[in-house]
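Single-structure report; data block below.
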Amino acid sequence: MKQLPIWLVFAGIIGGLLGFGALVDYIAKKRSIELDLEEGIKNASDAEQIYVENYLYQTKENNNHFQ
């Protein structure tokens with residue numbers, strides 16, 4: 001039995017993910033679903049907001065002081 005080349009497997013996985021993303025985007029546009037990132041954080045608890053803000057701050061600081 002002949003095996004598929006690894007690049008063909010990866011191309012199939014990447015193509016499938018891109019196709020799935022395009023399908024979700026098409027459905028969201030057809031149903032007029034708007035995704036607002038700021039709206040999502042408003043519904044989070046205080047602890048979740050603090051955690052996300054600390055994580056973003058630490059990420060920003062780490063990127064400004066890399067060696």
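The values are calculated or read from the model by the stated rules, or taken from the named source; none is laboratory data. Quick caveat: nothing in here was measured; it's all calculated off a predicted structure. FYI the Cβ positions are ideal-geometry reconstructions off the backbone, even for glycines, and counts take in every protein chain you see. These area figures cover heavy atoms from the full protein model, side chains too; ligands, DNA and RNA do not enter into them. Shrake-Rupley method; radii C 1.70, N 1.55, O 1.52, S 1.80 Å.
List of remarks:
- Working note: 222 nm ellipticity from helices only, DSSP H runs with n ≥ 4, each -39,500 (n - 2.57), summed and divided by the residues of the chain, gives -25000 deg cm²/dmol to the nearest 500.
- Size of charge dipole - the chain - debye, nearest 20, with Cβ of Lys, Arg +1 and Asp, Glu -1, no other charges: 600 debye
- Inter-probe distance in nm under a simple model that places probes 7 Å from Cα toward Cβ, at Asn62 and Ser32: 4.2 nm
- Helix 6-30 axis, angle to the chain major axis (alpha carbon atoms, nearest 10°): 60 degrees
- Sequence of Ser32, Ser45 from largest to smallest accessible area, 1.4 Å probe: Ser32, Ser45
- Ligands, DNA and RNA excluded, the heavy atoms of Leu4 present near 120 Å² of accessible surface to a 1.4 Å solvent probe.
- Average accessible surface area per residue within the chain, 1.4 Å rolling probe, Å²: 103 Å²
- When the chain is reduced to its Cα atoms, the Kirkwood hydrodynamic radius in Å: 16.3 Å
- FRET E, pair Tyr55, Leu17, Förster distance 30 Å, beta-carbon r, rounded to 0.05: 0.75
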